[in-house]
Each structure stands twice: as structure tokens, then as C-alpha cells.
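These notes are about the structure you will find just below.
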Amino acid sequence: MLPLVKKTYQTLSEQNLLQKGAGVIVGVSGGPDSMALLHVLAALKEELHLTLTAVYVDHGLRPDETEQEKALVREQAGLLKAGFKAGTVAVKEYAWQHGMSIEHAARVLRYDFLDTVAEETAANRIAVAHTADDQAEEVLLRLIRGTGRKGLSGMNVVREGKIIRPFLTLPKTDLIEYLNHENIPFLEDSSNKERIYLRNRVRLDLIPHLAEHYNPNISTTLRQTAAILQDEELFLEDAVDEALKKIIIEEKNRSFDQHPECPEIILDVTAFNESPRAIQRRLLESVFWKMEQSPRFRQIEQVLHLAEARENGTVVHLAGGLRATKEMTGIVFSYPQGMVPQRGNLIEKNQPLSQITVSEPGTITIPETGVEIRFEEMAHVPDMKKIINDQEDYLDLAQVSFPFIVRSPEPGDFFHPLGGPGRKKVADFLSDQKVPQEQRSQVPTLESSGSVAALLGLRIDHRARITKKTMRVLKVSMLESANSELNKIFHVT
């Protein structure tokens, strides 16, 4: 056996990833990693009695490259006597509809298609070609975006009991050496070099910088950290499962007024407060998932403070209509107004916005207001004289750049309003615009490199404006709001 084949065989055996006679779907893009995976599994086909199907997914993002990639995968699958399937997924439309980045949407649809083919072919495993280098990138990426211990543990060798990553402990250099030795053809995805995506900037810029100036073994260090945290995660998951049995008093579905059944959970507040803080956070993460919400740091902090509150009847308004209410003996999580973003009279209390980091093009939702904000790089520079939609802001990407921060205005914020004579306090500008004092913290403020780039829906910074020299344009669109008062302020209809 060649070294890469032998190492992969050992991983498959030690991790019990494949049983003899398994049907395996192999995700193959035509790139070096996935082509190596297809050939290595084909080399083990007789030893393990595998049935292989190579699957190519066209994301509709690179029409000039996909036909060549698909042809290569089909050809190689034929030579290796493996099955072949191909399909196209509408990534841009899905990202638009679900308010997520192109990269995230592509990942979701890709796995959905692979799973569909697995069902059609009765395959019991889906093999993907993530390497040790990908693991290091993923850990660093999650750290940048913000995550807890579970996120920092990185990707698992097995996901959902079906998806396997046989190369996850192997460096990409091993794969390239194998491809060169065996003269196996592959194609490079041009989008892997586009720095508009945060993942690419981490791989192309950040990791090499850290390796050169801080730790030459940074990738190994990140992988080792992930491995340690994965072991600790297993312990914590067991501890949280046991704690949940004692702390959840009641879990059911309940209807409120005209709203259909929504989940409701009641926690024993005394038992919860007696748990270690680390377990409390994990318990709340589990509760949020059960309530069909993504757990966020700020919201978990709100519930932790709620649990310690002395006054019964205190309510915390969370995302998507979720409420947490402190009662005599418990904390009740429910959707009294349905699973929709509504804040009731909290607008009058000047509730600050959650701070959201935007690392790449895509759509975010501000949980406090329901406002959706889409970030997209335009294919051409628009004629600003013809732009009349006040729900959209256009910025010069030579003057601002990802990552952006969307937040509430803060004391001491200054910016140069477009067309104005010079710098002005944001508070003074909002006053001039007749934005009510109690609603000013609801104005989405776009920060770039520590400076205010725009008060979205109101005014951009003069320095970020489109000029004759502009080559790349960022379009920021305010899409919707669940609150009519905010519609008036932000010009969202």
C-alpha cells in the first residue's frame, strides 16, 4: 500500500468509520483533496468490499469551470469503476431566501444533495475530503466569528453518524504527494483565491502570517487544541444530559391565542442556580436548540441574569418571539406571540441592538427589531444618479472592508455625513434627523476598521461614497422590519 492509502486504512479501522460491504457516497469537486479521497477509497474497494459513487454538485456559482470539473469527475469515476451522480443546486436563491452567506448556503445544499443520493443508492456513508489543514482553518475561523468550547473543538471525524472525514488528521501535503506520485489529474477551484470570503483570507493571509511571525507550527497547534477540546466535549455532553433530566420540569407544545402550537420549556430555577456556571451555559444552549433558536452569547447572558433575579414576573425578550419569564420556582421559555420577531413595547425602552460581526457577503437579522440587512458586492459600479431606493446604501470597497460590525450607536461616535461639511457626532446627527431619543439605539450602525461607515438607512460616511475612481461596490440593503415605528425611522417598507 502507498503511504496515504495505508494511513487512511488505519484511520478507517481505528475509528470504525467503514464496515466491510459499505455503500459510500464520495463528494468530489474535482479539486485535489476530493480527487485524492476518491482514488484512495477506490484503492481500498476490494479490501473492504466497498460500493463507491462519486457525486459532483454544481452550485451554480462558476459556470465557466463546472462543466470541465464534472467531466473530470465522471471520467475518473468510470476509470475506477465507481458510480457517478451529478446535480445542480440553487445556492444564490437559497441564500437570499434564508438570509445566509453564499458559503453557508452552498454547504447546506451540498450536504442535502449528497444525502439525497445516499438514500437513492442505499449508501450508509458519505465521505468528504476535509484535511488537517481544513481543521486548523475551521478552528481559527470559529474563533474569529465567536464561539464556545464546542465550536473550538472543530470538525469531528464522524458527523451525524453518517458523514465521515477519513483525511481529517492528514496534512494536505500528503495528498498532493500522492496525487503527483500516481499522476492523478485534478482542477483548482478559482473561488478558493477570492479574498472576499473570510475562509480564504484565513487560509491565504492569516495562517501564513501567524506561522511566519508567531508560531511556525500554528496549524499543528490549532489541530491539537481541537483534539483536546473534543475529548472534553464528550465529558461535558454527558454531564449536561444528566443535568437536563433534573432541571427541566416540563417540556411540551402550547398554543397562545391564535398562534399554532409552539414549544415551551420550564426549568427548575433552584437546581439551575446550583449548577456550575459552565454547565449553566451548556444547559441554556440545549434549551435554545430545543426552542428552535440558535444560542447566542448575549442572550445566554440575559437568561443567566434572569435566573439570579429576585423579582418574579421579570421577562427577557429573546430572538424570534422567544420569551424567558422568571416565575416563583422556574424559568419559562415560550412564544406567547408566536414564533415571529416581535418586541412589543421594548422599543420604548431604547433596547440596544446585539452586536453582529459580518465577515463576508450574506444576510443578517437583527434579533431585537427583525430588520434584515443584506451585504453583497456588485458586479458593476451603479449610476448613483439613478438610485432612488432609500432602503439601500452603496459603499466603496476601497474605503471600507470586511469584517464589518453592526451595532447600536455608541457615545462618542463620530462620522462625516455624506455631503456634510465635516465630522459630526452621531448623536447630534440623529437629533437633526428628528429620530426620537427613545429609538436612537435601534439605528443600525455600520462599523468598519473601528470607524462608523454608515448609519444604515439614514446616511453613509462621506469617505465611503461612490466616486469616479470606485472599482468595487458594496450594496447594503435594509430588507424588512417587524416594527412599524422602525420602518419610519429606517425607511424600510
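Charging the Cβ of each Asp and Glu at -1 and of each Lys and Arg at +1, and nothing else, the dipole of the range 28-182 about its Cα centre rounds to 540 debye. A simple count of charges around PHE402, restricted to other residues whose Cβ falls under 10 Å of its Cβ and scoring Lys, Arg +1 and Asp, Glu -1, yields 0. The charge dipole of the chain, taken about the Cα centre with unit charges on the Cβ atoms of Lys, Arg (+1) and Asp, Glu (-1), comes to about 900 debye, rounded to the nearest 20.
Taken over the range 176-325, the ratio of Cα radius of gyration to 2.2 N^0.38 Å equals 1.55.
Among bridges DSSP assigns within the chain, what percent are antiparallel (round to 5)? Taking every DSSP beta bridge with both residues in the chain, the antiparallel ones total about 75 percent. For the pair ARG254 and ILE196 in one chain, pulling the backbone fully straight at 0.36 nm per residue adds 16.5 nm over the alpha carbon distance.
Computed 3J(HN,Hα) for the range 211-217, one whole-Hz value per residue from the Karplus formula 6.51 cos²θ - 1.76 cosθ + 1.60 where θ = phi - 60°, is 5, 6, 10, 10, 8, x, 10, glycine and proline marked x. All C-alpha to C-alpha distances of the range 152-202, sorted into 5 Å bins beginning at zero, yield P(r) values of 4, 14, 13, 19, 24, 20, 6, 0 percent in whole numbers. Spin-label pair SER294-THR51: with each label point 7 Å from Cα along the Cα-Cβ axis, the two points sit 3.7 nm from one another. Identify all aspartates and glutamates with a Cα-Cα distance to LYS468 below 16 Å; exclude those on the same chain that are fewer than 8 residues away in sequence. The qualifying aspartates and glutamates are ASP383, ASP396. Need the list of lysines near LYS45 for cross-linking: C-alpha distance under 21 angstrom, and skip anything on the same chain fewer than eight residues off. LYS45 reaches LYS6, LYS7, LYS20, LYS81, LYS85, LYS162. Using the Cα centre of the range 177-240 as origin and beta-carbon charges of +1 (Lys, Arg) and -1 (Asp, Glu), tell me which of ASN217, LEU179, SER191 is placed farthest towards the positive end of the dipole. So the residue furthest toward the plus end is SER191.
Which of the helices in the chain, when you take each full DSSP H run, stretch at least 24 Å along the axis at their Cα atoms and have an average Kyte-Doolittle score of -0.5 or higher?
Helices meeting the criterion: 102-121, 218-247.
Projection of the Cα convex hull of the range 5-134, averaged over all directions and equal to a quarter of that hull's surface, yields 8.2 nm². Centre-to-centre, using Cα atoms only, the range 296-333 and the range 1-46 are separated by 48 Å. Here r is the Cβ-Cβ distance between GLN391 and LEU2 and R0 is 41 Å; the resulting FRET efficiency, rounded to 0.05, is 0.10. Using the Cβ-Cβ distance between LEU79 and GLU120 with R0 = 25 Å, the FRET efficiency computed as 1/(1 + (r/R0)^6) comes to roughly 0.60.
Between LYS475 and VAL158, the modelled label-to-label distance comes to 4.6 nm, taking each label 7 Å out from Cα in the direction of the beta carbon. Label zone of ILE144 (point 7 Å out along Cα→Cβ, amide N under 20 Å): in the range 181-205 this covers 189-205. The stretch between GLN224 and VAL108 holds 39.0 nm of extra length on full extension. This uses 0.36 nm per residue minus the Cα-Cα distance. Protection proxy ranking of 370-382, 185-197, by the mean of other Cβ atoms within 10 Å over each peptide's residues and highest first, is 370-382, 185-197.
The simple Förster model, with R0 at 25 Å and r as the Cβ-Cβ distance, assigns PHE414 and LYS434 a FRET efficiency of 0.80. Distance between the modelled labels on ALA398 and GLU242, one decimal in nanometres: 6.2 nm (7 Å Cα→Cβ projection).
Full extension of the chain between ASN215 and GLN68 yields a length gain of 49.0 nm, computed as 0.36 nm times the residue separation minus the alpha carbon distance.
For the chain, the relative contact order is 11 percent, taking Cα pairs closer than 8 Å that sit 6 or more residues apart in sequence and dividing their mean separation by the residue count.
Read through the labelled values (i) 22.9, 91; (ii) 25.5, 76; (iii) 26.4, 91 and report the label of the one computed as Rg and Dmax of the Cα atoms in Å from the structure. From the options (i) 22.9, 91; (ii) 25.5, 76; (iii) 26.4, 91, the structure gives (ii). Near GLU188: Cβ cut-off under 12 Å, other residues only, Lys/Arg at +1 and Asp/Glu at -1. The net charge is -2. Looking at the range 113-148, none of the GluC sites (Glu not before Pro) sits in a DSSP loop with at most 15 other Cβ atoms within 10 Å of its own Cβ. Couplings 3J(HN,Hα) for the range 358-363, derived from phi with the Karplus relation 6.51 cos²θ - 1.76 cosθ + 1.60 (θ = phi - 60°), are 10, 8, 7, x, x, 10 Hz, where x marks Gly and Pro. Of all aspartates and glutamates in the structure, those lying under 18 Å Cα to Cα from LYS245, and not within fewer than 8 positions of it along the same chain, are GLU237, GLU264, ASP268, GLU274, GLU285.
Just so you know, all these numbers are worked out from the coordinates, no wet-lab data involved. Note that this is a predicted model, so its numbers are computed, not measured. Quick reminder, even Gly has a Cβ in these numbers, built from the backbone with ideal geometry, and neighbours come from all protein chains shown.
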